[in-house]
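Quick notes on the structure that follows.
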Ligand code: ZN
């Protein structure tokens, strides 16, 4: 399992100004290799913009679960399913560095504590803002919720479309990829699993 090593990442060199300059230089070179003229007016500021955009889109590397959750953990005897549906996310596939995006549904059954509801989307955001594959994103969100809350169970469903498939004509344009990660009672108990999957796959209200 790869999930735990990514829970705490030291702030790296990725955000230093010199890194942005170096990235911009590489984008400039990329433009030239693609047959473009990096000195034409429309492209002059592109390398700096792409560098800044890439750093922003991968800022999840600078974040840790501990930081994101902070002190928003509360003792609570509630023992029924808590679910946040339709968390929108944007990520980039690690194979092509092209966007994939969609929705995440996260649920857990507390065992003595709950987390501030807004923290679940923030956990999703933290892992989505990295180079990803959808399967790992799904597992990492489940692992983080499990680590933070030690709940009776966790369920995560991710549904997404991948531009690397759509733009390159690899797949039917409307095909969606769905992944799920189930832990604890969500895996062991058929009734809990069915309740979760029904809620996760119910038509969106929006
Ligand atoms: Zn891809």
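Any residue at all in the stretch 46-58 that's surrounded by fewer than 13 Cβ atoms within 10 Å (Cβ to Cβ) and either within 16 Å of the ligand (Cβ to nearest atom) or within 14 Å of the chain's Cα centre (by Cα) (or both)? Yes: the stretch 46-58 contains one or more residues that are surrounded by fewer than 13 Cβ atoms within 10 Å (Cβ to Cβ) and either within 16 Å of the ligand (Cβ to nearest atom) or within 14 Å of the chain's Cα centre (by Cα) (or both). When the stretch 97-118 is examined, which residues are found to be more than 16 Å from the ligand (Cβ to nearest atom), crowded, with 21+ Cβ neighbours inside 10 Å and over 18 Å from residue 184 (Cα atoms)? Result: 104, single match. If you go through the stretch 133-164 and pick out every residue that is surrounded by fewer than 21 Cβ atoms within 10 Å (Cβ to Cβ) and over 17 Å from residue 183 (Cα atoms), you end up with 6. Residue 126 meets the conditions (1) more than 16 Å from the ligand (Cβ to nearest atom); (2) under 12 Å from the mean Cα position of the chain (by Cα); (3) closer than 22 Å to residue 201 by Cα in every case but one. The failed one is (3).
For the stretch 68-96, residues that are more than 16 Å from the ligand (Cβ to nearest atom), closer than 16 Å to residue 121 by Cα and surrounded by 12 or more Cβ atoms within 10 Å (Cβ to Cβ) total 11.
Restrict the check to the stretch 72-90 and report whether at least one residue is under 12 Å from residue 115 (Cα atoms) and under 14 Å from the mean Cα position of the chain (by Cα). So far as the stretch 72-90 goes, no, none of its residues is under 12 Å from residue 115 (Cα atoms) and under 14 Å from the mean Cα position of the chain (by Cα).
Got at least one residue in the stretch 142-151 being within 24 Å of residue 54 (Cα to Cα) and within 12 Å of the chain's Cα centre (by Cα)?
no
Every number in this text was worked out from the coordinates using simple rules, so none of it is lab data. Bear in mind the structure is a predicted one, so any value in this text is a computation, not a measurement. Cβ sites come from the backbone with ideal geometry, for glycine too, and all protein chains shown count toward neighbours.
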